[in-house]
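J.: Here you go, one structure.
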Amino acid sequence: MATEYRDNFCPVCGYDIMPHFKGHFADEICPSCGIQFNYEDTAGGSEEMRKGVYLEWRLKWIKDGKKWFYKDDALKPENWNPDEQLKNLLKN
Ligand SMILES: [Zn+2]
């Protein structure tokens, strides 16, 4: 199924998620923006609605100041830059 985001990046915040999730998003929480995949984004199974969910999360995350979600910084990249990270969503 075609999606508007790249599979290895969080569709909400652009965090490069794959090294941590070992190939799938199932029931995982993005350490950057805090969305829980297959929970917050079920959207009744509708791909269109899911895009809306991701967009809503992204806008909320940006509005809240693009804070690192995960309480410990173990997964946080060195020199983490949320604005640079968001650009990952555009490289399709
Ligand atoms: Zn994220």
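The values are calculated or read from the model by the stated rules, or taken from the named source; none is laboratory data. Only a predicted model underlies this, so the values are computations on that prediction, with no experimental measurement involved. In this analysis, Cβ positions are derived from the backbone assuming ideal geometry, glycine residues included, and neighbour counts consider all displayed protein chains.
J.: What tally of residues in the stretch 72-85 results from selecting those that are surrounded by 10 or more Cβ atoms within 10 Å (Cβ to Cβ), charged (D, E, K, R) and assigned to a loop (DSSP other than H, G, I, E, B)?
T.: 1
Residue-wise test of (1) without any contact (Cβ under 8 Å) to a residue 12 or more places away in the chain; (2) in contact with an Asp or Glu (Cβ under 7 Å, 6 or more places away or on another chain); (3) crowded, with 17+ Cβ neighbours inside 10 Å; (4) under 13 Å from VAL12 (Cα atoms).
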| position | (1), (2), (3), (4) |
| --- | --- |
| ILE35 | no, yes, yes, yes |
| ASN38 | no, yes, no, no |
| ASP41 | no, no, yes, yes |
| GLU47 | no, no, no, no |
| LYS60 | yes, no, no, yes |
| LYS66 | no, no, yes, yes |
| TYR70 | no, no, no, no |
| LYS87 | no, no, no, yes |
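J.: Right, another one. Just need a number here: residues in the stretch 12-30 that are at pLDDT 90 or above and not hydrophobic (A, V, I, L, M, F, W, C).
T.: Adding up the residues that qualify gives 2.
J.: What number of residues in the stretch 58-71 are within 13 Å of LEU86 (Cα to Cα) and assigned to a helix (DSSP H, G or I)?
T.: 4
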